[in-house]
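What follows is a set of notes on a single structure, which appears directly below.
The values are calculated or read from the model by the stated rules, or taken from the named source; none is laboratory data. Quick caveat, the model's predicted, so the values are computed rather than measured. Because the Cβ atoms are built from the backbone with ideal geometry, glycine has one as well, and the counts that use them run over all protein chains shown.
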């Protein structure tokens, strides 16, 4: 392996403002055999993961990107003067997972699954650019069709829809859930 | 009394009727595929009964579910000439809904953890993050916001009442180049300020059109930190990278 290839890749990830994909790295380093580039990237990920540093490289939104480590969140927020990042409400989260798992989906289908009118929630999600309208369904009334966005993936640190919680993970939670029967706090 | 603990739980904590039903099913340790409708209906109505006033806006859905439960119960009570076939259980529809909803809820809890994790990771961003109290992010402005700003400025310019007639012609193309040049040098442009710098009304109008063209061509990004504040213009990073 060419010495320094690892560091070249690190510098690429550093200057890239968006998560940089493996393809992009290979394209940039086209004068090196792809297998070596891949190996160097793996090495780099391992070194940064084990190093005691304030930053790390994560894979998110289909590429690699530098982030701060979670334990330093309080200081970063203090520096940026951000008290806390706002989280999604449970109604938003519910609607968003329905879209994620059932897309393409219409508003009335979402509302039927939740048994709750979801027009307001979907509007919020549209504004946050976590879902998008991709067309109209060829059915009575030609309702709009919704899908999740790239931003949705990045928001949850996913690289593709395949990384959504699987049936098995869900079954596991449901199995555990049966033993828990605490009332939600008032 | 067995249901006394339920007094402490208010309807507001449930996102919808399915949420409440699932809670009751879990509390009573009921098999979701074989729900004793009489029991669950009683429990469910109990909950609704504890609300002092039914707020129709929010609780219509809860009431609708109550009606559905009672309907299912009545169907089960009615004598039939022939016993029901396997797939004809009146509870079937509700059970299917509950099972699906339960899965969604479980997925939500996993996603919630992921959200939590992600929120503590910070990446470098093109736009410096702004300390903001609400949920609102930077608003990428719509055409209407721009148009509104434009009309405000037009009014101001009009008031200045230009008399000088100059022979100079302004082209949108040139203006676009000029705006891009400013952006490349200064990386960010205050649109209001830029607009005010224009010498004549004509030039100002042309500069506005140029901005619209640039946005349309996705070469720049127009962002408002808060509504009715100034509009800031950035070069889009993809286009920057290309050069």
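Mind checking whether some residue in the stretch A:25-37 is under 24 Å from the mean Cα position of the chain (by Cα) and in a loop (DSSP other than H, G, I, E, B)?
No, that holds for no residue.
Considering only the stretch A:93-150, state which residues are surrounded by fewer than 14 Cβ atoms within 10 Å (Cβ to Cβ) and at positive phi.
Answer for the stretch A:93-150, where residues must be surrounded by fewer than 14 Cβ atoms within 10 Å (Cβ to Cβ) and at positive phi: A:135, A:141, A:142.
I'm trying to understand the selection: among the residues of the stretch A:67-95, which are more than 7 Å from chain B (Cβ to nearest Cβ) and not in a helix (DSSP H, G or I)?
A:69, A:83, A:84, A:89
Check residue A:59 against each of (1) part of a helix (DSSP H, G or I); (2) under 21 Å from residue A:162 (Cβ atoms) and name the one condition it does not meet.
Failed condition: (1).
Quick check: anything in the stretch A:108-120 under 22 Å from residue A:157 (Cβ atoms) and not assigned by TED's automatic domain parsing to the domain that holds residue A:10?
no
Which residues, taken from the stretch B:65-99, are without any contact (Cβ under 8 Å) to a residue 12 or more places away in the chain and buried (at least 16 other Cβ atoms within 10 Å of the Cβ)?
B:89
Yes/no matrix, rows are residues, columns are (1) closer than 14 Å to residue A:102 by Cβ; (2) facing chain B (nearest Cβ under 9 Å); (3) in contact with a strand residue (DSSP E or B) (Cβ under 8 Å, 6 or more places away or on another chain); (4) not in a helix (DSSP H, G or I):
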| residue | (1), (2), (3), (4) |
| --- | --- |
| A:126 | no, no, yes, no |
| A:132 | no, no, yes, yes |
| A:138 | no, no, no, yes |
| A:154 | no, yes, yes, no |
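Tell me the residue from B:17, B:36 that is under 36 Å from the mean Cα position of the chain (by Cα) and modelled with pLDDT of 80 or more, please.
Exactly one of B:17, B:36 is under 36 Å from the mean Cα position of the chain (by Cα) and modelled with pLDDT of 80 or more, namely B:17.
Only residues in the stretch A:167-181 that are more than 12 Å from residue B:102 (Cα to Cα) count as the first member; pair them with residues that are assigned to a loop (DSSP other than H, G, I, E, B) and at pLDDT 50 or above, Cβ under 8 angstrom, at least 6 apart or cross-chain, and list the lot.
These pairs meet every condition: A:181/B:29.
Looking at (1) touching a helix residue (DSSP H, G or I) at 6+ places or on another chain (Cβ under 6 Å); (2) away from every other protein chain (no Cβ under 14 Å); (3) in contact (Cβ under 8 Å) with a residue 12 or more places away in the chain, which one does residue A:98 not meet, given that it meets all the others?
(2)
Could you run through the stretch A:1-24 and say how many residues are more than 22 Å from residue B:122 (Cα to Cα) and surrounded by 14 or more Cβ atoms within 10 Å (Cβ to Cβ)?
The total comes to 4.
Of all residues in the stretch A:87-118, which are modelled with pLDDT of 90 or more and under 17 Å from the mean Cα position of the chain (by Cα)?
A:92, A:93, A:94, A:95, A:96, A:97, A:98, A:99, A:100, A:101 - these are the residues of the stretch A:87-118 that are modelled with pLDDT of 90 or more and under 17 Å from the mean Cα position of the chain (by Cα).
Only one of (1) part of a helix (DSSP H, G or I); (2) surrounded by 18 or more Cβ atoms within 10 Å (Cβ to Cβ); (3) within 12 Å of chain B (Cβ to nearest Cβ) fails for residue A:64. Which number is that?
Of the numbered conditions (1) part of a helix (DSSP H, G or I); (2) surrounded by 18 or more Cβ atoms within 10 Å (Cβ to Cβ); (3) within 12 Å of chain B (Cβ to nearest Cβ), the odd one out for residue A:64 is (1).
Given the residues A:51, A:40, which is the only one that is touching a helix residue (DSSP H, G or I) at 6+ places or on another chain (Cβ under 6 Å), more than 29 Å from residue B:104 (Cα to Cα), away from chain B (no Cβ under 14 Å) and without any contact (Cβ under 8 Å) to a residue 40 or more places away in the chain?
It is A:40.
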